[in-house]
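Structure, as structure tokens:
FYI, it's all coordinate maths here, none of it is from the lab. All values derive from a computational prediction rather than experimental measurement. Reconstructed Cβ throughout: ideal geometry from the backbone, glycine too, with neighbour counts over all protein chains shown.
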Amino acid sequence: MKTRIIGAIVAVILAAVGAFVLVTYVRAADARAADGAELTDVYIVEELIPKGATGESVEEFVRVDTVPQRNLVDGAVADLADLVGLVAEADILPGEQLAEARFLDPADLAARGETPIPAGMQIISFTLPADRVVGGQVRAGDHIGLVGTVDPDEPGEEEDVINPITNFAFHGVLVTKVQGVVTPDPESEEVSEQGSQDSIMVTIALTAHDVERWVWFTEGESANYAQMWLTLENEQTDNSGSSPVDGSNAWQ
């Protein structure tokens, strides 16, 4: 009995000694690895950064950690301000170091037909002749306006008098995809041009109520959507001075 007790005590002591030796060895190895290594702060992804996320929103997905300089990835982000105006080109997974190479200009992402859809919005598609889509110049990532024409009936003495009214109904609508555009072949000497009646399908992002308003315009009496024209807008576009136009002021 005593022999068993003594053996158990010896086993416990040996296990404790072994654990102490192992911990001491690991700490010494870490010290040797870090000895002379220059440490630096780095942003580590803590929550998945979704594709299309803006650089301005990245702060909520990352934390600051310290790593040896030699373990720093190329192009590691030192200042989150460097990502302003950029978007994530793909999902960035937790544990990754934040690198500027994982971000690009929104226009570059749009050129690949991969414009992200803003949170809370829906996408909807419609088709128009090229001459109503700025001659086919609209691309994914652009912002467009919609000029709509309606034909309200005004009561006359003998019959209704048609007096169409034209006005801007939308500004700054994000285009997420364009299909049916004729793209010139850079290796060909022939010049490809978009025909005025070539069909172009445009996909846009809108809020729920604006989807309803947009569909209202596309459900006009004309089968070829004659009541809709698109404009191409940019940051410098001046939309002031817009007002409804009808027969009473069209010539003013």
Output the relative contact order of the stretch 39-103, whole-number percent, from Cα pairs under 8 angstrom with separation of 6+ residues. 47
Residues with amide H under 5 Å from that of Glu233, placed H, sequence gap 5 or more: His143, Ile144, Gly145
Which whole-number value in Å³ per residue fits the convex hull of the alpha carbons of the stretch 39-103? 66
Ranked packing of 67-76, 94-103, most packed first, by mean Cβ within 10 Å: 94-103, 67-76
Burial order of peptide ranges 227-238, 138-149 (average beta-carbon count within 10 Å, highest first): 138-149, 227-238
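Suppose the chain between Phe168 and Val73 were pulled fully straight at 0.36 nm per residue; how much longer would it get relative to their current alpha carbon spacing?
Details: separation 95, 0.36 × 95 = 34.20 nm, distance 4.96 nm.
This chain segment gains 29.2 nm when fully extended.
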